[in-house]
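Engineer: Mind looking over this structure? Questions follow.
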Amino acid sequence: MSLDATHLKKIGLHIPEILLPNNEIELHKWSVVACDQYTSQPDYWADVKTCTHDKPSTLNIIFPEVFLEDNDGNERIRDINNTMQDYLDDGVLQPMKNKGFVLVDRKTSQAESRKGLVVAIDLEHYDFNKGSQTLIRATEGTIVDRLPPRIKVRQDAAIEVPHIMVLIDDPKRTVIEPLFNQNPQPLYDFELMMNSGHIKGYAIDTPELMGQVVDALNTLASPQVFAEKYDAQDKEVLLYAMGDGNHSLATAKAIWEALKENAGDSDTIMDNPARYALVELVNIHDSGLQFEPIHRVIFNVKPEQLLKDMQAHFSGNCSICRCENAQDAQSRAKIANLDNIHIVPFNDASGYGYIQIENPVFTLELATIESFLNDYLEANDGKVDFIHGDDVVHELGVKEGNMGFFFPPISKGGLFKTIIFDGALPRKTFSMGEADEKRFYLEARKIK
């Protein structure tokens, strides 16, 4: 397979010039976790700041979402943009020897190995709107109102550092896994901070290896292969499904569309580096990839009143049961979906319990609860946070005025077919692993 633009465009792929820290940079301090993690735990980010003190670090070029509501947002963004330019001017970031991809092997607290491939994808093939039939699709609903602060961070940035992870459905393991057998050139090998595991990276920058990737992706994107695989003769090909960083990719798309609109009839805009976004591809069948539920903790509510209003909302199909402890509530939840019943454990300052809803309209427990919860919180000035891991819900949900909801994981085996036939899932339905397993910022790319 040729690596010319026509073949790459067909699969929405771009061969980027990837920037990496120079050999003098302490990678343990350079690489920090995705900005949308630990959003209710400022102490985590304080510890990261202590760890990276006075050292070049991606902490200095990202905007942790725990601080989004602080009053210093504009000043913080200016500092981020200035630091990005300093890192370029001072040679902190330098291009790889050749344009190409980065093969990643990540060890986490839960898995010995999770493999990935850092590439650039073409935003011309991506549409996050409901009902999209593009090659790249969102797996969850995109909240357009969440984009402006993220656009503000990215629109004047000189570089991007991605935490976006994009899924491919490759059961025969043809795209990523064979690359490890080709003795690729090592790029980095180090321990991640905050007990978050180990990461190794390798250069995939020869025509032979990059061509191997393009061939395999073209096979997955074949209309005939796609139709037979999903029994989807009347559907457009879905090659890439969002895993993590849905709103980050939507932000890149929004900026790209604005650039095109402002460019008018100029043909040169299509060569703008903002047309592409750097992401890590991950095979949904990778044994090191685990789907974890994303729980909810809500703040500024009166739990007993909320539960009464929830029962009224579901017109007698909803019952509330209190339990002596968390184990009893979560054991009860294991019969979820039996006899068309949704069971969702919760906690509050009074202890634990579960919500039981009969004959739910929606397939997922999360969708059922959110059909009530979203409007309720808006009407009652409540706030919600999206939580990775049961322990944080146990800690936060029991505080006065708070309430936590525990949701089950979604099956990763049927994710692509669900997206193809049903469209995007509710926002923040699943997470690829625990918070400390999320992608750490490391590679970068110029976007101006």
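The values are calculated or read from the model by the stated rules, or taken from the named source; none is laboratory data. Given the structure is predicted, the values throughout are model-derived calculations rather than measurements. Please note: Cβ atoms are built from the backbone with ideal geometry, for glycine as well, and neighbour counts cover all protein chains shown.
Engineer: Based on this model, can you work out whether N129 counts as surrounded by fewer than 18 Cβ atoms within 10 Å (Cβ to Cβ), assigned to a loop (DSSP other than H, G, I, E, B) and free of Cβ contacts under 8 Å to residues at least 40 places away in the same chain? Let's see the steps before the verdict.
Structural biologist: Values: surrounded by fewer than 18 Cβ atoms within 10 Å (Cβ to Cβ): yes; assigned to a loop (DSSP other than H, G, I, E, B): yes; free of Cβ contacts under 8 Å to residues at least 40 places away in the same chain: yes.
Judged against the criteria, N129 is a match.
Engineer: Against the condition at pLDDT below 95, farther than 25 Å from E437 by Cα, outside the structural domain of E140 (by TED's automatic domain parsing) and of a type outside the set (G, A, S), how does E324 come out, does it pass?
Structural biologist: Here the answer is yes, as E324 does meet what is asked.
Engineer: Is there any pair linking a residue in the stretch 196-218 that is polar (S, T, N, Q) to one that is surrounded by 19 or more Cβ atoms within 10 Å (Cβ to Cβ), with Cβ under 8 Å and at least six apart or on different chains, and which?
Structural biologist: S196/V33; S196/T108; S196/D436; S196/E437; S196/F440; T206/G100; Q212/L179; N218/I11
Engineer: Kindly indicate which of V175, V214 is over 30 Å from Y44 (Cβ atoms) and within 23 Å of the chain's Cα centre (by Cα).
Structural biologist: Going through V175, V214 in turn, just one is over 30 Å from Y44 (Cβ atoms) and within 23 Å of the chain's Cα centre (by Cα): V175.
Engineer: Further question on the same structure: For the stretch 282-293, does any single residue satisfy the condition of being under 30 Å from D169 (Cβ atoms), loosely packed, with under 14 Cβ neighbours inside 10 Å and not polar (S, T, N, Q)?
Structural biologist: Checked the stretch 282-293: no residue is under 30 Å from D169 (Cβ atoms), loosely packed, with under 14 Cβ neighbours inside 10 Å and not polar (S, T, N, Q).
Engineer: Of G413, G433, which residue is within 29 Å of G131 (Cα to Cα), surrounded by fewer than 18 Cβ atoms within 10 Å (Cβ to Cβ) and of a type outside the set (V, I, T)? Full working, then the answer.
Structural biologist: Numbers: G433 fails: surrounded by fewer than 18 Cβ atoms within 10 Å (Cβ to Cβ).
Unique residue meeting the criteria: G413.
Engineer: In the set N98, N71, which member is assigned by TED's automatic domain parsing to the domain that holds V237, out of contact with any Ser or Thr (no Cβ under 6 Å at 6 or more places or on another chain), part of a loop (DSSP other than H, G, I, E, B) and within 30 Å of N218 (Cβ to Cβ)? Can you show your working first?
Structural biologist: Details: N71 fails: within 30 Å of N218 (Cβ to Cβ).
Within the list N98, N71, the selection yields N98.
Engineer: So, V361, is that one surrounded by fewer than 19 Cβ atoms within 10 Å (Cβ to Cβ), among the aliphatic types (A, V, I, L, M) and out of contact with any strand residue (DSSP E or B) (no Cβ under 9 Å at 6 or more places or on another chain) or not? Even if it seems obvious, please write down each step before you answer.
Structural biologist: Details: surrounded by fewer than 19 Cβ atoms within 10 Å (Cβ to Cβ): yes; among the aliphatic types (A, V, I, L, M): yes; out of contact with any strand residue (DSSP E or B) (no Cβ under 9 Å at 6 or more places or on another chain): yes.
Spelling it out, V361 is indeed surrounded by fewer than 19 Cβ atoms within 10 Å (Cβ to Cβ), among the aliphatic types (A, V, I, L, M) and out of contact with any strand residue (DSSP E or B) (no Cβ under 9 Å at 6 or more places or on another chain).
Engineer: Has the stretch 308-316 got any residue that is of a type in the set (D, E) and surrounded by 17 or more Cβ atoms within 10 Å (Cβ to Cβ)?
Structural biologist: Within the stretch 308-316, not a single residue is of a type in the set (D, E) and surrounded by 17 or more Cβ atoms within 10 Å (Cβ to Cβ).
Engineer: A further question on this structure: What number of residues in the stretch 236-265 are over 21 Å from N283 (Cβ atoms) and not aromatic (F, W, Y)?
Structural biologist: Let us first name the residues in the stretch 236-265 that are over 21 Å from N283 (Cβ atoms), namely 236, 247, 250-265.
So of that shortlist, the ones also not aromatic (F, W, Y) come out as 236, 247, 250-255, 257-265.
So the answer is 17.
Engineer: Scan the stretch 363-372 residue by residue and report those that are more than 24 Å from A435 (Cα to Cα) and in contact (Cβ under 8 Å) with a residue 60 or more places away in the chain. Before the answer, list the steps.
Structural biologist: Restricting attention to the stretch 363-372, the residues satisfying the condition of being more than 24 Å from A435 (Cα to Cα) are 363, 368, 371-372.
Hit for the stretch 363-372 is F372, nothing else.
Engineer: Mind checking which residues of the stretch 274-308 are more than 22 Å from the chain's Cα centre (by Cα) and of a type outside the set (F, W, Y)? Step through it out loud before you land on a result.
Structural biologist: First, pick out the residues of the stretch 274-308 that are more than 22 Å from the chain's Cα centre (by Cα): 299-308.
Hits for the stretch 274-308 are N300, V301, K302, P303, E304, Q305, L306, L307, K308.
Engineer: At least 2 residues that are modelled with pLDDT of 95 or more, over 21 Å from the mean Cα position of the chain (by Cα) and outside the structural domain of A227 (by TED's automatic domain parsing) in each: list the strands (runs of 3 or more DSSP E) lying fully within the stretch 345-447 that qualify. First the steps, then the outcome.
Structural biologist: Working: elements: 351-358, 383-388, 403-405, 430-432.
Ranges flagged: 351-358, 403-405.
Engineer: What number of residues in the stretch 132-160 are in contact with a helix residue (DSSP H, G or I) (Cβ under 8 Å, 6 or more places away or on another chain), farther than 11 Å from A250 by Cα, of a type outside the set (D, E, K, R) and part of a loop (DSSP other than H, G, I, E, B)?
Structural biologist: Looking only at that region, the number is 6.
Engineer: Looking at the stretch 266-317 only, could you name the residues that are within 16 Å of L373 (Cα to Cα), in contact with a Ser or Thr (Cβ under 9 Å, 6 or more places away or on another chain) and charged (D, E, K, R)?
Structural biologist: The one that is within 16 Å of L373 (Cα to Cα), in contact with a Ser or Thr (Cβ under 9 Å, 6 or more places away or on another chain) and charged (D, E, K, R): E304.
Engineer: Filter the stretch 95-112 for residues that are surrounded by fewer than 16 Cβ atoms within 10 Å (Cβ to Cβ) and either touching a Cys at 6+ places or on another chain (Cβ under 9 Å) or not acidic (D, E) (or both) and give the result.
Structural biologist: Going through the stretch 95-112, the residues surrounded by fewer than 16 Cβ atoms within 10 Å (Cβ to Cβ) turn out to be 95, 97-99, 109-110, 112.
P95, K97, N98, K99, S109, Q110 - these are the residues of the stretch 95-112 that are surrounded by fewer than 16 Cβ atoms within 10 Å (Cβ to Cβ) and either touching a Cys at 6+ places or on another chain (Cβ under 9 Å) or not acidic (D, E) (or both).
Engineer: Separate question: Scan (1) surrounded by fewer than 22 Cβ atoms within 10 Å (Cβ to Cβ); (2) under 17 Å from I168 (Cβ atoms); (3) touching a residue at least 60 places away in the same chain (Cβ under 8 Å) for the single condition S222 breaks and write down its number.
Structural biologist: Result: S222 passes all but (3).
Engineer: When only residues in the stretch 19-38 that are assigned to a loop (DSSP other than H, G, I, E, B) and in contact with a strand residue (DSSP E or B) (Cβ under 6 Å, 6 or more places away or on another chain) count, which is surrounded by the most Cβ atoms within 10 Å (Cβ to Cβ)? Please lay out each step first, then the result.
Structural biologist: Residues of the stretch 19-38 assigned to a loop (DSSP other than H, G, I, E, B): 22-26, 31-32, 34-38.
Next, only the ones that are in contact with a strand residue (DSSP E or B) (Cβ under 6 Å, 6 or more places away or on another chain) stay: 22, 31.
On the way: N22: 13, S31: 26.
My answer is S31.
Engineer: While we're here: Could you pull out every one of the helices (runs of 4 or more DSSP H) wholly within the stretch 178-292 that has 3 or more residues that are touching a helix residue (DSSP H, G or I) at 6+ places or on another chain (Cβ under 7 Å) and in the same structural domain as H125 (by TED's automatic domain parsing)?
Structural biologist: 207-220, 246-263
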